[in-house]
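The values are calculated or read from the model by the stated rules, or taken from the named source; none is laboratory data. Keep in mind that what you see is a predicted model, and the values were worked out from it rather than measured. No Cβ is skipped: glycine too gets one built from the backbone with ideal geometry, and neighbour counts run over all protein chains shown. Areas reflect the complete protein model, heavy atoms only, side chains present, ligands, DNA and RNA absent. Shrake-Rupley method; radii C 1.70, N 1.55, O 1.52, S 1.80 Å.
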Amino acid sequence: MTADITQYLSEQKDLVDTALEAFIPESDLPGSRIYEAVRYSLFAGGKRIRPILTLTVSDMLIGDRATAMAAGCAVECIHTYSLIHDDLPCMDNDDFRRGKPSSHKYFDEATAVLAGDALQAMAFGLAVKHIKPADTARRILAEIASAAGPEGMVGGQMLDLAYEGSSCSLDELHSLHAMKTGALINASVRIGTFTGTCTNEEREALTEFGRTLGLLFQVVDDILDETGDFQKLGKTAGKDSAAQKSTFPKLMGLQKAEEYRDSLHKKAVQCLALFEKRSIILNGLCDFIYSRDH
Ligand code: IPE
Ligand code: IPE
Ligand code: MG
Ligand code: MG
Ligand code: MG
């Protein structure tokens, strides 16, 4: 990864944080504990990869940055809600997230459930309010709803639990990963195509890129669960094998999973070939996701 991409990621992350701060400020309304819980997880130090993907694709296609930012922040709210619920005792039972106690550990289970619920509603609320024109808002909202719901993240989480403690086929694992993580990553990329201007061929290439990148993202996450450490990950390592999760290292062995990760990275880069130099930053993001250690 080049120094430029590290700097780009850090600058964009700051811009996303500033936008989220404006969209979801502190509140002293009755029930403000829910705002506190929402903001506790939202500002715990996530990488902001999803909104940064939306912004980068949108910039590449000369899209409107304010629209891309609102759409990307909506996806980040959905993502954060998914993490809060993913950590609950009834799901992965993880005590740490983003280097801090998980929401249900810092607050309590009921508050964590409600914080996730609130973030989901807030995601759609901010998208409706800030994405213009109405037709773009409609397309983006439909994309987010489909990626977050039973055909996407939530459906994938259901499969993740169903395959816990039992074995599944590689095809089934592909579907699980494409849904639980791939769908929101792919949506983050595709949303950038709706805020900018592109040909059908370019949108198809970016959709294939988003699909591949989403799968790559979760394969890397599975590998890091085996090889990473708490200090860098900000979450407990080794949880997948302890919980008998179906993951790529479990089904293929670590070495084959790493080879598969390498081939997905290669394929993702190929998907961007038609953009030539225009996709230089997107290529950098793809390399970051491939070689990340957190
Ligand atoms: C972690 O996502 C959960 C998965 C979908 C694999 P990230 O690695 O993007 O987590 P944050 O947002 O940076 O904390
Ligand atoms: C989470 O997958 C995917 C979500 C939809 C939240 P994991 O359960 O592997 O994510 P981590 O490892 O806890 O971040
Ligand atoms: Mg999980
Ligand atoms: Mg988990
Ligand atoms: Mg994981």
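Here is how the number arises for the chain: DSSP H runs of 4 or more residues each give -39500 (n - 2.57), the sum is divided by the residue count, and the result at 222 nm is -22500 deg cm²/dmol. Note on His174: accessible area is roughly 50 Å² with a 1.4 Å probe, heavy atoms of protein only.
On a per residue basis, the stretch 146-294 carries 45 Å² of accessible surface, using protein heavy atoms and a 1.4 Å probe. Phi angles across the stretch 129-138 convert, under the Karplus curve 6.51 cos²θ - 1.76 cosθ + 1.60 with θ = phi - 60°, into 3J(HN,Hα) values of 6, 10, 8, 10, x, 4, 5, 5, 4, 4 Hz, Gly and Pro given as x.
Element breakdown for the stretch 16-172 at a 1.4 angstrom probe: carbon and sulfur atoms account for 57% of the accessible area.
Placing unit charges on the Cβ atoms only, positive for Lys and Arg and negative for Asp and Glu, gives the chain a dipole magnitude near 440 debye about its Cα centre. If you look at the Cα atoms of the stretch 33-81, you get an Rg and a Dmax of 12.2, 40 Å. Each 10 Å bin, from zero up to the one with the longest distance, holds this percent of the alpha carbon pairs of the stretch 213-294: 18, 45, 26, 10, 1. Couplings 3J(HN,Hα) of the stretch 272-283, computed from phi: 8, 3, 5, 7, 6, 5, 4, 9, 4, 6, 4, 4 Hz, in residue order, whole Hz [Karplus 6.51 cos²θ - 1.76 cosθ + 1.60, θ = phi - 60°; x for Gly and Pro]. Using heavy atoms of the protein chains and a probe of 1.4 Å, the accessible area assigned to Glu201 is about 130 Å². Dipole magnitude for the stretch 1-136: computed about the Cα centre from +1 point charges on Lys and Arg Cβ and -1 point charges on Asp and Glu Cβ, it is near 160 debye.
Look at where the Cα atoms of the stretch 156-191 and of the stretch 205-280 average out, and the two centres are 12 Å apart.
Across the accessible surface of the stretch 187-237, with the other protein chains kept in place and a 1.4 Å probe, carbon and sulfur atoms take up 43 percent.
Among the listed pairs Lys105/Lys245; Lys100/Lys132; Lys132/Lys267; Lys105/Lys235; Lys180/Lys245, those with a Cα-Cα distance over 25 Å are Lys100/Lys132; Lys132/Lys267. Rg and Dmax of the chain, based on Cα coordinates, read 18.1, 53 Å.
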